[in-house]
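**Student:** Handing you a structure now.
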Amino acid sequence: MTVAAVSSARTTKSQPSRKAAQQVEAKPSAKRKSSVAKRSRPAGPITRDNTDKLWLYIWSVQCPEAEIDFVTDRFKKLTGRPLRRLREDFCGAAATSAYFVQQHAENVAIGVDLHKPTLAWGLKNLAKDFTPEQRERLVLLNKNVLDPGPQAQGVDAVLAMNFSYWIFQERETMLRYFRSVKQSLKPDGVFFMDIHGGYETTKEQEEPRWIKSPDGRRFRYIWDQNKFNPVTSETECFIHFEFEKGPAMRKAFSYTWRVWTVREIRELLLEAGFKHATFYGENEDEKGKGNGIYTPKTRYDADASFIAYLSAHG
């Protein structure tokens with residue numbers, strides 16, 4: 001399956017709900033030329049035994065098309081030039097990096113992650129149809145993002161999506177990470193993140209949602225905020241998958257994070273040496289629902305749960 005096929009699922013881009021619990025399609029780029037061939041529907045439903053959990057994660061959680069549309073658009077507005085060299089921290093299977101490489105003949109993506117088997121899975125499954133030239137422009141590093149090495153330096157932009165950087169629970173470690181990112185960027189480079197906010201970020205709850213795979217089969221994704229410690233702001237979360245037939249896949253993915261606020265992260269970015277730290281909230285349509293378009297904001301509604309972007313530069 002190509003990365004274009006992954007993005008065609010048009011799912012929400014992150015684990016918890018978007019603003020007002022809507023599933024929102026990002027505004028498609030007018031320059032997008034990739035298309036997905038129609039696939040015949042498989043004989044049977046998705047089950048725990050016939051589908052890798054990384055495919056389930058990508059279909060449920062990620063939308064490389066939406067992320068790349070936002071990042072490339074904002075980068076061009078901030079710098080006046082196109083984004084050509086991107087680093088994806090905590091990249092996992094590197095779906096976003098692989099997608100970025102496909103969008104332009106000069107695009108180079110560097111994925112950084114500690115889990116070597118997941119990086120290998122990404123190369124096998126997401127880059128299997130790449131040309132040799134495209135494969136050369138996708139560099140996956142089995143490194144710690146705190147010290148990613150010389151190959152990860154001099155990039156136009158760094159991405160830390162799906163709240164992956166929340167793994168750093170101590171202020172000193174988060175500041176160290178942000179300073180490392182700043183040093184890795186070109187002088188006009190931009191750091192992009194997403195962030196989960198709202199008063200439900202600290203609520204112990206499960207959020208189920210039915211998902212369709214690119215070939216039209218259904219399965220249920222469950223975001224489980226299992227435990228929250230108000231003394232430390234530490235949260236324990238899981239992703240479960242349930243199927244129309246057969247046993248569930250419980251605790252397919254596990255996370256132990258600190259819940260960081262927008263203000264805390266913006267202050268740390270400025271302390272790390274960035275001159276600007278901007279919050280991008282989702283706009284609404286005429287019915288008050290999120291429309292998938294994110295713009296800079298200094299005030300935002302006190303929603304129960306929202307997902308926003310942050311950028312840092314200068």
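The values are calculated or read from the model by the stated rules, or taken from the named source; none is laboratory data. The model shown is predicted, which means the values in this text are computed figures rather than measured ones. With ideal geometry, Cβ positions are generated from the backbone for all residues, glycine too; neighbour counts draw on all protein chains shown. Surface areas here come from the heavy atoms of the whole protein model, side chains and all, with no ligands, DNA or RNA. Shrake-Rupley method; radii C 1.70, N 1.55, O 1.52, S 1.80 Å.
**Student:** So which residues in region 230-266 are in a loop (DSSP other than H, G, I, E, B) and either surrounded by fewer than 16 Cβ atoms within 10 Å (Cβ to Cβ) or in contact with an Asp or Glu (Cβ under 9 Å, 6 or more places away or on another chain) (or both)? First the steps, then the outcome.
**Tutor:** Within region 230-266, the first condition is being in a loop (DSSP other than H, G, I, E, B), and the residues that meet it are 230-233, 244-248, 259-261.
Across region 230-266, the qualifying residues are Pro230, Val231, Thr232, Glu244, Lys245, Gly246, Pro247, Ala248, Val259, Thr261.
**Student:** Going by the conditions given, is Phe241 within 30 Å of Pro45 (Cα to Cα), of a type outside the set (Gly, Ala, Ser) and in contact with a helix residue (DSSP H, G or I) (Cβ under 6 Å, 6 or more places away or on another chain)? Lay out the reasoning, then the answer.
**Tutor:** Values: within 30 Å of Pro45 (Cα to Cα): yes; of a type outside the set (Gly, Ala, Ser): yes; in contact with a helix residue (DSSP H, G or I) (Cβ under 6 Å, 6 or more places away or on another chain): yes.
It is true that Phe241 is within 30 Å of Pro45 (Cα to Cα), of a type outside the set (Gly, Ala, Ser) and in contact with a helix residue (DSSP H, G or I) (Cβ under 6 Å, 6 or more places away or on another chain).
**Student:** So how many residues does region 269-296 have that are within 26 Å of Lys76 (Cβ to Cβ), modelled with pLDDT of 95 or more and not in a strand (DSSP E or B)?
**Tutor:** 6
**Student:** Right, something else. What's the total number of residues in region 169-225 that are more than 22 Å from Tyr309 (Cα to Cα), hydroxyl-bearing (Ser, Thr, Tyr) and not in a strand (DSSP E or B)?
**Tutor:** Looking only at that region, the number is 1.
**Student:** Related question: Give me the pairs: first residue in region 195-221 and open to solvent by 50 Å² or more (accessible area, probe 1.4 Å), second residue among the aliphatic types (A, V, I, L, M) and in a strand (DSSP E or B), beta-carbon distance under 9 Å, and six or more apart or on different chains, which are they?
**Tutor:** What qualifies is Glu206/Ile222; Pro208/Ile222; Arg218/Ile211; Arg220/Ile211.
**Student:** Mind listing whichever residues of region 133-151 are touching a residue at least 40 places away in the same chain (Cβ under 8 Å) and farther than 22 Å from Asp69 by Cα? Explain how you work it out, then say what you get.
**Tutor:** Restricting attention to region 133-151, the residues satisfying the condition of being touching a residue at least 40 places away in the same chain (Cβ under 8 Å) are 138, 140, 145, 148, 151.
Hits for region 133-151 are Val145, Pro148, Gln151.
**Student:** Pairs only if they're at least six apart or on different chains, beta carbon under 6 angstrom, first in region 92-112 and buried (at least 24 other Cβ atoms within 10 Å of the Cβ), second part of a helix (DSSP H, G or I) and hydroxyl-bearing (Ser, Thr, Tyr); list them, first residue then second.
**Tutor:** These pairs meet every condition: Gly92/Thr118; Ala93/Thr118; Ala109/Ser97; Gly111/Ser97.
**Student:** Tell me which residues, restricted to region 228-282, are of a type in the set (S, T, N, Q) and within 25 Å of Ile58 (Cα to Cα). Please lay out each step first, then the result.
**Tutor:** Taking region 228-282 first, the residues of a type in the set (S, T, N, Q) are 229, 232-233, 235, 254, 256, 261, 278.
Those that are of a type in the set (S, T, N, Q) and within 25 Å of Ile58 (Cα to Cα): Thr235, Ser254, Thr256.
**Student:** If I ask for residues that are touching a His at 6+ places or on another chain (Cβ under 6 Å), closer than 18 Å to Met174 by Cα and open to solvent by less than 50 Å² (accessible area, probe 1.4 Å), which ones from region 273-314 would you list? Write out each step before concluding.
**Tutor:** Here is the first cut: in region 273-314, the residues touching a His at 6+ places or on another chain (Cβ under 6 Å) are 276, 307, 313-314.
Filter once more, keeping what is closer than 18 Å to Met174 by Cα: 276, 313.
The one that is touching a His at 6+ places or on another chain (Cβ under 6 Å), closer than 18 Å to Met174 by Cα and open to solvent by less than 50 Å² (accessible area, probe 1.4 Å): His313.
**Student:** Do you know which residues across region 151-179 are open to solvent by less than 20 Å² (accessible area, probe 1.4 Å) and more than 20 Å from the chain's Cα centre (by Cα)?
**Tutor:** The one that is open to solvent by less than 20 Å² (accessible area, probe 1.4 Å) and more than 20 Å from the chain's Cα centre (by Cα): Leu175.
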